[in-house]
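Quick note: the coordinates plus some simple rules give every number you see, no bench work behind them. Every value quoted in this text rests on a predicted model; they were computed, and no experiment measured them. Counting neighbours? That spans all protein chains shown, and the Cβs are built from the backbone with ideal geometry, glycine included.
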Amino acid sequence: MSFLQLENLSKHYGDFTAVEQLNLTVEKGEFVSLLGPSGCGKTTTLQMIAGFVEASAGRVLLDGRDITHEKPNRRGLGIVFQSYALFPHMTVSANVGFGLEMRRMAADECTERVRKALALVHLKKFSHRYPRELSGGQRQRVALARALVIEPPVLLLDEPMSNLDAKLREDMQVELREIQRKVGTTTIMVTHDQSEALSMSDRVVVMDAGRAIQIAKPFDAYESPVNQFVSQFVGKANLFEGEVASVSRQGSALNVHGHLLNTNDASLHIGEQVTLCLRPEKLERCSPQDEIIRGRVRSGVFLGNQWLYHIDTGLGDLLATWQNCGNAACCDGQEVSLRWPTDALHIVKRGQHEVRH
Ligand code: ATP
């Protein structure tokens, strides 16, 4: 039995389905992200777990207990909202201790727990300040301390870093994950930022139009996306449409605009129409005799740690990312020979509605 289980969880608003038959099991201590474009149902799912939105169908089980129809305060989950929702007229300490007072905890224990929670988020020195006297990052940490101080069985984070600037956001991603590991609280985070989800989570739930499309470890979602939607939402992808020209025990050859490309996938059928995914970092420059395809550089952008190129080829416009080009960076209009390892070419499904765990 998993610690948190969503069983066929659905939410309908009249004719509109915001979340459709979502199934998810989360183990104790796991960090799972709900990732997807705006409006795909992430927040609605989180709110159903929290109890702020009533599920239309399905169940939420916490440690085996059916909490689907329990009031939010009875569930006792820790929640950090996008807006932080701190009380402006209360000090940092009072904000963090509020949930404990509501639970009528003895004053001594309350003080001790608040002290520990503030130490955890590195805010001990700020206990007497008011929210308006804090930076965005500090407010975010107060909200986190307030959620963790009640020692919730599950921590729910709704886009907790969306109000922070890029640098602070990166720092907080690392810090939040470190804190979560230290306290071991089972955590569900909503985000539409794929790099945030990939870097912080044990598993990601990639959602589209109310459905979970793929539930996987970040590496697997990136390396083996189940369909076109996931391949494009999780990282950058070169996609080609092709037809299977031949199949052997070792793999298949696919015809893409008259070019034959080899894959390791031997499960295909001659004549089948497929979509292929090739990640930009898998493309290598090579000598003309080793090339799979030749192209002409249309544009290149320097990104600090790597170059991102658009290259016109017989397969279409290909994206390539290369590191350490240094002075060997390509110029616009330059001809390049390209190759990639055979196992870098993945077949992805075109449909969007099959879930793979
Ligand atoms: P975002 O990243 O923009 O916050 P999201 O993935 O969290 O998006 P939700 O807030 O879960 O999306 O909304 C999912 C869908 O349900 C949206 O199309 C939204 O308009 C719709 N929706 C949410 N709440 C209601 C409501 N109370 N009544 C009707 N439709 C709603």
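Odds and ends about this structure:
- For the chain, built as a Gaussian network whose Cα springs stay under 10 Å, the top-fluctuating residue of S201, S287, S56: S287
- Computed over the chain, relative contact order equals 15 percent, with contacts defined as Cα pairs under 8 Å that lie 6+ residues apart.
- Rounded Å value of the spacing that divides the Cα centres of the range 200-265 and the range 142-164: 34
- The dipole here belongs to the range 185-225: it is taken about the Cα centre, uses +1 on the Cβ of Lys and Arg and -1 on the Cβ of Asp and Glu, and is about 140 debye.
- Each DSSP beta bridge with both residues in the range 149-243 is either parallel or antiparallel, and the antiparallel ones are about 50%.
- For the range 194-202, backbone phi angles converted through the Karplus equation (6.51, -1.76, 1.60; θ = phi - 60°) give residue-by-residue couplings of 5, 5, 5, 5, 5, 6, 9, 9, 6 Hz, Gly and Pro being listed as x.
- Beta bridges by DSSP in the chain, antiparallel share as percent, to the nearest 5: 75
- Across the chain, the fraction of Cα-Cα pairs farther apart than 27 Å, rounded to a whole number, is 56%.
- Lysine-lysine proximity count for the chain, Cα under 18 Å, sequence distance 8 or more or distinct chains: 12
- Helices in the chain, meaning DSSP H runs of at least 4 residues, each add -39500 (n - 2.57). Divided by all residues, the mean residue ellipticity at 222 nm is -7000 deg cm²/dmol.
- In loop segments of the range 31-71 as defined by DSSP, there are no trypsin sites (Lys or Arg not before Pro) with at most 15 further C-beta atoms inside 10 Å of their C-beta.
- Range in the chain, longest, excluding exposed GluC sites (Glu not before Pro) [loop by DSSP; at most 16 other beta-carbon atoms within 10 Å]: 71-271
- Take 302-309, 79-86 and order them by the average number of nearby Cβ atoms within 10 Å per residue, most first; the result is 79-86, 302-309.
- Rounded to the nearest 10 degrees, the inclination of helix 166-183 to the longest alpha-carbon principal axis of the chain is 60 degrees.
- The string of couplings for the range 252-266 from the Karplus curve (6.51, -1.76, 1.60, θ = phi - 60°) is 9, 10, 10, 8, 10, 6, x, 9, 8, 10, 8, 10, 8, 7, 9 Hz, one whole number per residue in order, with x for Gly and Pro.
- The magnitude of the dipole of the range 284-339, with charges of +1 and -1 set on the Cβ of Lys/Arg and Asp/Glu and taken from the Cα centre, is near 40 debye.
- Computed from the C-beta positions of Y13 and H89, the FRET efficiency with R₀ = 35 Å rounds to 0.50.
- Paramagnetic label zone (point 7 Å from Cα along Cα-to-C-beta, R115; backbone N under 20 Å) in the range 142-159: 142, 145-151
- Among D290, D343, D265, residue whose mean-square fluctuation peaks in a GNM of the chain (springs only between Cα atoms under 10 Å): D290
- Pair A253, D220: separation of 7 Å Cα→Cβ label points (nm): 3.4
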